[in-house]
Amino acid sequence: MLETITVQDSVELAVVERSGFIESRHAGAAVVLSSDGEVVARYGNADALILPRSSLKPLQAIACITAGAVLDGEHLAMSTASHVGTERHAAAVRDMLTEGGLTEDSLACPPSWPSDTAARDEMVREHGEPTRVRMNCSGKHAAMLRACVATGWPTDGYLEPTHPLQAHIREVIERLTGEKIAHTAIDGCGAPVYAMTLTGLARAIHRIGTASDRSPFALHRVAGSLVRAVREHPWTIEGPGRPDTIAIETLGVFAKGGAEGVMVMVAPNGTTVALKMLDGGARASTIVAATLLARAGALTADDLTALTAALSLSVLGGGQPVGEVRPAPGL
């Protein structure tokens, strides 16, 4: 059976301090690429396989656009989002579907409550029920359906690994990572997710994050347009007050977290980091990624200070801060 990074191949990436006592530690692996795509730092085994989970969405979104889905602005950004299900997010997904002659019933992702507390409370007060457009991956699914409509592929069964859309997505992923897919699994939303090395994921995200929407190459133009759309509409990628959105708004980076402690981040100058927390916890992923970018010279100490202040990293005792989640001393 294939497996991810082992305990022995991991390093300490973050600690949790409470009242002067280190209460918990997050171990994992990370890799940093320079602005020109060269590996400049490794922490742990960055060549071990991981499932990128939602950090794969930028690659899947690019594949959908190159397959024919015509999306721009907020809708393009939504195609790579892991949104929190606010009404604004849901409305954008509905518009994506309507413009393709589709309905919410076309979505094959599972119904879900919003993860945004205010949106969920409002739905409960109105005696609402979980819906597919509120599922955090619904933007990705809408983009997949739009690609099918544009190309003439059947929308039924669009999540099956044998469907022509998924075959195209695999080809694009292999082209961007420079690796053959090692294993196919099923993500939480029902779509295929593919095992790759952390270094391969970093390589793909670097290519996306440094692409120009004026490139003579179609794939690069799509990637450049996607990154620009996310930076112009950071609320789409996750939601107000959420780590990815905060990082994009505060630092101007391109950031995309994934379940089970995966994070990718590209600095404005193209320096890129990809990391995986071995325990699957995401609470330290954003600040660790930014710290690694700063160590590589792509962000400043003031940038880290601003990001730390914006993120919820305090450890509380009696409702008051008594410690914090912070990068490991070795970083």
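The values are calculated or read from the model by the stated rules, or taken from the named source; none is laboratory data. All of these numbers come straight from a predicted model, not from anything done at the bench. Quick reminder, even Gly has a Cβ in these numbers, built from the backbone with ideal geometry, and neighbours come from all protein chains shown.
Restricting to the range 169-194, what's the tally of residues that are within 22 Å of E38 (Cα to Cα) and among the small types (G, A, S)?
Filtering the range 169-194 for residues within 22 Å of E38 (Cα to Cα) gives 172-181.
The next check asks that each one be among the small types (G, A, S); those that pass are 178.
Matching residues across the range 169-194 total 1.
Hey, T80 hits all of (1) among the hydroxyl-bearing types (S, T, Y); (2) touching a Lys or Arg at 6+ places or on another chain (Cβ under 6 Å); (3) surrounded by fewer than 22 Cβ atoms within 10 Å (Cβ to Cβ) but one; which does it fall short on?
Exception for T80: condition (3).
Identify the residue in the range 270-315 that is among the polar types (S, T, N, Q) and in contact with a helix residue (DSSP H, G or I) (Cβ under 9 Å, 6 or more places away or on another chain) and, among all such residues, is modelled with the lowest pLDDT. Reasoning before the result, please.
First pass over the range 270-315, keeping only residues among the polar types (S, T, N, Q): 271-272, 285-286, 291, 300, 305, 308, 312, 314.
Okay, now just the ones that are also in contact with a helix residue (DSSP H, G or I) (Cβ under 9 Å, 6 or more places away or on another chain), so 271-272, 285-286, 291, 300, 308, 312.
Details: T271: 98, T272: 98, S285: 98, T286: 98, T291: 98, T300: 97, T308: 97, S312: 90.
Ranking the qualifying residues of the range 270-315, first place goes to S312.
The conditions are (1) small (G, A, S); (2) in a helix (DSSP H, G or I); (3) touching a Ser or Thr at 6+ places or on another chain (Cβ under 6 Å), and A298 fails exactly one of them. Which is it?
The failed condition is (2).
With the requirement that a residue be outside any loop (DSSP other than H, G, I, E, B), more than 18 Å from E260 (Cβ to Cβ) and among the charged types (D, E, K, R), what does the range 13-36 give you?
Of everything in the range 13-36, those that are outside any loop (DSSP other than H, G, I, E, B), more than 18 Å from E260 (Cβ to Cβ) and among the charged types (D, E, K, R) turn out to be E17, R18, E23.
State which residue is farthest from D47 (Cα to Cα) when the search covers only the range 145-192 and only residues that are polar (S, T, N, Q) and surrounded by fewer than 16 Cβ atoms within 10 Å (Cβ to Cβ).
Of the range 145-192, the ones polar (S, T, N, Q) are 151, 155, 162, 166, 177, 184.
Checking the rest, the ones that are also surrounded by fewer than 16 Cβ atoms within 10 Å (Cβ to Cβ) come to 151, 162, 184.
Numbers: T151: 36, T162: 28, T184: 18 Å.
It comes out as T151.
Tally the residues that are in contact with an Asp or Glu (Cβ under 6 Å, 6 or more places away or on another chain) and acidic (D, E), restricting the search to the range 55-107.
Final tally of qualifying residues: 0.
Name the single residue that is surrounded by the fewest Cβ atoms within 10 Å (Cβ to Cβ) among those in the range 37-62 being over 14 Å from the mean Cα position of the chain (by Cα) and part of a loop (DSSP other than H, G, I, E, B).
Step by step, filter the range 37-62, then rank; the result is E38.
Looking at the range 23-47, I want the residues that are more than 19 Å from A255 (Cα to Cα) and have a partner that is at pLDDT below 95 and buried (at least 17 other Cβ atoms within 10 Å of the Cβ) with Cβ atoms under 6 Å, at least 6 apart or on another chain. Which pairs are those?
Going by the 6 Å Cβ cut-off, the qualifying pairs are N45/I5.
Spot the failing condition for S24; the list is (1) polar (S, T, N, Q); (2) touching a strand residue (DSSP E or B) at 6+ places or on another chain (Cβ under 9 Å); (3) more than 30 Å from G317 (Cα to Cα), and only one is missed.
Condition not satisfied by S24: (3).
Of the residues S225, S212, which is over 30 Å from E3 (Cα atoms), polar (S, T, N, Q) and modelled with pLDDT under 95? Give the derivation first.
Details: S225 fails: modelled with pLDDT under 95.
Of S225, S212, the one residue that is over 30 Å from E3 (Cα atoms), polar (S, T, N, Q) and modelled with pLDDT under 95 is S212.
Checking E74 against (1) within 18 Å of the chain's Cα centre (by Cα); (2) closer than 22 Å to V262 by Cβ, only one condition comes out false. Which one?
All conditions pass for E74, except number (2).
Take I181 and decide whether it is β-branched (V, I, T) and in a helix (DSSP H, G or I). Explain how you work it out, then say what you get.
Values: β-branched (V, I, T): yes; in a helix (DSSP H, G or I): no.
No, not satisfied.
Here is a yes/no grid of residues against (1) in contact with a His (Cβ under 8 Å, 6 or more places away or on another chain); (2) closer than 22 Å to D187 by Cβ; (3) at pLDDT below 95; (4) buried (at least 16 other Cβ atoms within 10 Å of the Cβ):
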{"site": "A67", "(1), (2), (3), (4)": "yes, yes, no, yes"}
{"site": "V70", "(1), (2), (3), (4)": "no, no, no, no"}
{"site": "R94", "(1), (2), (3), (4)": "no, no, no, yes"}
{"site": "G101", "(1), (2), (3), (4)": "no, no, no, no"}
{"site": "C109", "(1), (2), (3), (4)": "yes, yes, no, yes"}
{"site": "A118", "(1), (2), (3), (4)": "no, no, no, no"}
{"site": "V124", "(1), (2), (3), (4)": "no, no, no, no"}
{"site": "T131", "(1), (2), (3), (4)": "no, yes, no, yes"}
{"site": "K140", "(1), (2), (3), (4)": "no, yes, no, yes"}
